[in-house]
Amino acid sequence: MPKKTTGARIAAATSAIDIGISTKDRAAIADGLAHLLADTYTLYLTTHNFHWNVTGPMFNTLHVMFMGQYTELWNAVDPVAERIRSLGHPAPGSYAQFGKLSSLPDAPETPPKALEMVRVLVAGHEAVARTARKLFPLADKAGDEPTADLLTQRLTVHEQTAWMLRSLLEE
């Protein structure tokens with residue numbers, strides 16, 4: 001007959017995390033992911049702002065392009081936050097936290113001209129790629145394949161988006 005487990009033993013068993021990644025590495029990876037989440041959310045907000053406020057001869061093209069980009073960024077924040085939670089840490093979720101964690105500046109209060117918006121977004125995507133790339137060696141060393149996979153996916157999106165945006169700036 002199986003031994004009965006008390007509620008306290010069940011709670012202790014479920015609160016302990018033993019996924020093959022040390023507590024120290026999980027904390028460091030979660031911290032890096034918190035920075036990635038803040039960067040991603042800040043870039044999302046800037047992109048959405050530019051979608052609303054773009055004007056000029058490229059209005060329709062940029063309006064539609066920015067919508068695709070902010071939608072992709074919006075869909076990216078949840079997997080990053082959920083990976084932080086999977087590692088046993090709370091995900092940041094306030095503007096104050098994002099402001100402290102993000103390497104990106106806040107969206108300009110006065111919307112810039114269309115091509116300056118593109119330049120700002122290029123810089124933003126490149127910054128988010130650097131944030132993801134900076135975390136990759138730690139995830140790899142810790143054997144954290146899910147985080148490494150998430151980072152690879154994010155790097156692909158940000159590098160490709162930066163390239164496409166840079167292409168609009170060529171004469």
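A short reminder: the numbers here are calculations on the coordinates, not readings from a lab. Computed from a prediction, not measured in an experiment: that's the story for all the values here. Every residue, glycine as well, gets a Cβ built from its backbone with ideal geometry; the counts of neighbours run over all protein chains shown.
Brief remarks follow.
- For segment 27-169, diffusion coefficient by Stokes-Einstein and Kirkwood Rh (Cα), 10 °C, 1.306 mPa s, µm²/s: 104 µm²/s
- Convex hull volume of the C-alpha atoms in segment 119-171, normalised per residue: 51 Å³.
- Partners for Lys141 among aspartates and glutamates (Cα-Cα distance below 15 Å; same-chain residues under 8 apart left out): Asp25, Asp149
- Dipole magnitude of segment 27-169 about its Cα centre (Cβ charges: Lys, Arg +1; Asp, Glu -1), debye to nearest 20: 240 debye
- Segment 115-145 versus segment 23-91: alpha-carbon centroid distance in Å: 11 Å
- Taking a Cβ cut-off of under 11 Å around Val54, the surrounding Lys, Arg, Asp and Glu residues balance to a net charge of 0, with basic ones at +1 and acidic ones at -1.
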